[in-house]
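The next block holds one structure in the form of structure tokens; read it before the comments.
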Amino acid sequence: MRSQQVDIGRSFVVVFDHGDDFFTALAEFCRENNVRHGIIPTFIAGFSQVEVVGTCAKLDNPQAPVWSAVHLSNVEALGGGTIAYDETEQRILPHIHVSVGLKEHSATAHTSHLLSATVQFLTEMYFVEVSRPALHRERDPHLYDVPLLRFDTAEN
């Protein structure tokens, strides 16, 4: 377990428009507002299509991460996550999880890591900037190279 007290910066309500690519619009919001680190406590969304991590195949190692995608369409979603920043690439590194309900299948739900999404009608997000410490992701070679959230403690 790791923890770090954070200093909260600005808070935003962000509205994504019909047809927006979710991750492109999120990156644009961060760039326009000079946001590099943050917490997304919650968002609600309609997505015309999403890709989430998952598979129907038998897993050789059930303990290992799954890297494949499941494609779903016409969903309602509830999600949240974190935003870290890659100084080398000069880009945000979002980590977003969602529960999505398939509207035409009695809202049958899937929950996983969000890989891609296209906004259908609306997405409304509450976003909280973390002003300190810097958040970044480091791949852990001992845990299947999964990128884990790390805190920049040099500022403290």
If the requirement is being assigned to a loop (DSSP other than H, G, I, E, B), in contact (Cβ under 8 Å) with a residue 40 or more places away in the chain and of a type in the set (A, V, I, L, M), which of these qualifies: Val66, Val52, Val35? Val35
Please state which one of Thr55, Thr82 is under 29 Å from Pro133 (Cα atoms) and either open to solvent by 60 Å² or more (accessible area, probe 1.4 Å) or hydroxyl-bearing (Ser, Thr, Tyr) (or both). Thr82
Do you know which residues across region 132-156 are in contact (Cβ under 8 Å) with a residue 12 or more places away in the chain, open to solvent by less than 70 Å² (accessible area, probe 1.4 Å) and assigned to a strand (DSSP E or B)? Leu135, His136, Arg137, Val146, Pro147, Leu149, Arg150, Phe151
Considering only region 1-32, how many residues are under 17 Å from His136 (Cα atoms) and without any contact (Cβ under 8 Å) to a residue 12 or more places away in the chain? 4
Filtered residue count, region 33-45, keeping only those that are surrounded by fewer than 18 Cβ atoms within 10 Å (Cβ to Cβ) and farther than 15 Å from Tyr85 by Cα: 3
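The values are calculated or read from the model by the stated rules, or taken from the named source; none is laboratory data. Keep in mind that what you see is a predicted model, and the values were worked out from it rather than measured. Ideal geometry is used to build each Cβ from the backbone, glycine not excepted, and the neighbour counts take in all protein chains shown. Each accessible area value is taken on the protein alone, full model and side chains, heavy atoms only, with ligands, DNA and RNA left out. Shrake-Rupley method; radii C 1.70, N 1.55, O 1.52, S 1.80 Å.
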